[in-house]
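Let me begin by presenting the structure, written as structure tokens, before commenting on it.
The values are calculated or read from the model by the stated rules, or taken from the named source; none is laboratory data. Quantities reported herein were computed from a predicted structural model and do not represent experimental measurements. For neighbour counting, all protein chains shown are included, and Cβ atoms are generated from backbone atoms with ideal geometry for every residue, glycine included. The accessibility values were calculated without ligands, DNA or RNA, using every heavy atom of the protein model including side chains. Shrake-Rupley method; radii C 1.70, N 1.55, O 1.52, S 1.80 Å.
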Amino acid sequence: MSEPLKEALDQVRAGEELKEKTRAFLSEKTRGYQKAPAVSRRPALSAAACVLVLLCLGLWKVYFIPVSVISIDINPSLELSLNRFDRVLSVEGYNEDGQALAQALDVRFLNYRDAVEQVLASPAVADCLARDEYLSIAVVDDDAQRQQALLAGVQSCAAGHGQAHCYAADGSQLEEAHHAGLSYGKYQAYLELSALDGDITPQQVQSMTMREIRELIAALSSSAGDSAQDGSSQSTGQGPGTGSGQGSAQGTGSGQGYGQGGHHGESGHHYGQTH
Amino acid sequence: MRSEAEANRVIEQYGDTVRRLCLVHLKNTADTEDIFQTVFLKYVLSSASFESPEHEKAWFIRVTINACRDLLGSFFRKNTVPLDQLLDQPAPMGEDHREVLEAVLSLPPKYKDAVYLHYYEGYTAPEIGRILGKNVNTVYTLLGRARQLLKEKLGGEGDV
């Protein structure tokens, strides 16, 4: 077999055409034997591509990390999560109206100003504003500089939208707020209210409008003040033992205040002046 | 990078060997041309130094076999075509030669290299082992089985 195979393979030769094509190919690939061919750049290109991919992945990751929250509360209560480029990553509603609004909005990846404008212009919020409801916008960010920049932005958005209270805070209470099922802004209002009335629950606050909460706070504050005054006048007459008498009188005052519907209305203007 | 003169020398010197190895492995002229050019480009770009012409030839054989294997990794290249399409040289091939060549080409890929290197290039089993990166005993086994298969294909003819 060896001989026929040898003879058969001897007839197989590289033709002149193939050799000529190869010479031309080599000359072209090596640019006339002057430079390394494009093939040799592959490692460098691959490395550059890898770096680019890693950069993109890094940027992608950074882009999707929420760093700030804007809590918008009127009656719909919702929060916009922002990345470090001030773009909206997500919208979450914290009560029934807020959830409905969050569903209806299309603000993902918008700049926060555009998003806030869109929220304020939405029918649900616009109706509330038309009824002179109280609007609260809280900017929550751990970085003081960003806080101020975002606050300035939301203040300019809220200007001309009636009663609006814009403020900034760090994120220390954000988790607590979410745990209670409230947006940051509403949670702050809840904390203020619960300091005056220990029986109030986050669930009760959830469905209340911000104006109702503020009015209640104002009413409780003023009635507590009145009761305290009453207590002190009573105690003056009673002589010694004033201290304990005052304390108990204040407690009673709070309970009464929460029950007095008519009183809340009166304190409304007081709140309006404050903000 | 090597010079144009060196490239021309090796094309003349090893072109036929590379072409034969391509014939043993590949199914069409387009692939052959591709591998042929790739092998010589690798040579031009390689900085390997060779102790002897034998060393240089063994380098070409190994690089060609590896390039063919890489190409054959694709499932779509596993179809066979008639020998007529593979042999582009005008010289007519005798019936005996054709039969033997076809028998060798129809062997499973793992036997073809050993058969080619042993029967055509005249390498010994240890040399084939070094070129193919295989154990010497494995080479003996491959050659033994290949002989057996060729006997069956050629109807017991020839001094296999």
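A few notes on this one:
- Note on segment A:100-122: residues that are open to solvent by 30 Å² or more (accessible area, probe 1.4 Å) and over 22 Å from A:Ile65 (Cα atoms) amount to 5.
- Of all residues in segment A:132-147, none satisfies being touching a Phe, Trp or Tyr at 6+ places or on another chain (Cβ under 9 Å) and either assigned to a helix (DSSP H, G or I) or over 17 Å from A:Ser183 (Cα atoms) (or both).
- Within segment B:119-160, the set of residues being in contact with a Ser or Thr (Cβ under 8 Å, 6 or more places away or on another chain) and under 25 Å from B:Lys57 (Cβ atoms) comprises B:Tyr119, B:Glu121, B:Gly129.
- Qualifying residue in segment A:73-96 (condition: open to solvent by 50 Å² or more (accessible area, probe 1.4 Å), touching a residue at least 24 places away in the same chain (Cβ under 8 Å), over 16 Å from the mean Cα position of the chain (by Cα) and assigned by TED's automatic domain parsing to the domain that holds A:Asp142): yes
- First in segment B:95-120 and within 13 Å of another protein chain (Cβ to nearest Cβ) and over 13 Å from A:Leu5 (Cβ atoms), second anywhere and of a type in the set (Gly, Ala, Ser) and assigned to a loop (DSSP other than H, G, I, E, B), Cβ under 8 Å, 6 or more apart: none
- Filter result for A:Val154 (outside any loop (DSSP other than H, G, I, E, B), β-branched (Val, Ile, Thr) and under 20 Å from A:Val91 (Cα atoms)): yes
- Within segment B:44-56, tally of residues that are in contact with a helix residue (DSSP H, G or I) (Cβ under 6 Å, 6 or more places away or on another chain) and assigned to a helix (DSSP H, G or I): 1
- Matching residues, segment A:123-172, being open to solvent by 30 Å² or more (accessible area, probe 1.4 Å), over 21 Å from A:Thr209 (Cα atoms) and not aliphatic (A, V, I, L, M): A:Asp142, A:Asp143, A:Gln145, A:Arg146, A:Gln148, A:Ser156, A:Asp170, A:Ser172
- Segment A:46-72, subset open to solvent by 10 Å² or more (accessible area, probe 1.4 Å) and in contact (Cβ under 8 Å) with a residue 40 or more places away in the chain, residue nearest to A:Cys128 (Cα to Cα): A:Val69
- Selection within segment B:1-25 - assigned to a helix (DSSP H, G or I), more than 7 Å from chain A (Cβ to nearest Cβ) and over 24 Å from A:Gln11 (Cβ atoms): B:Ala5, B:Glu6
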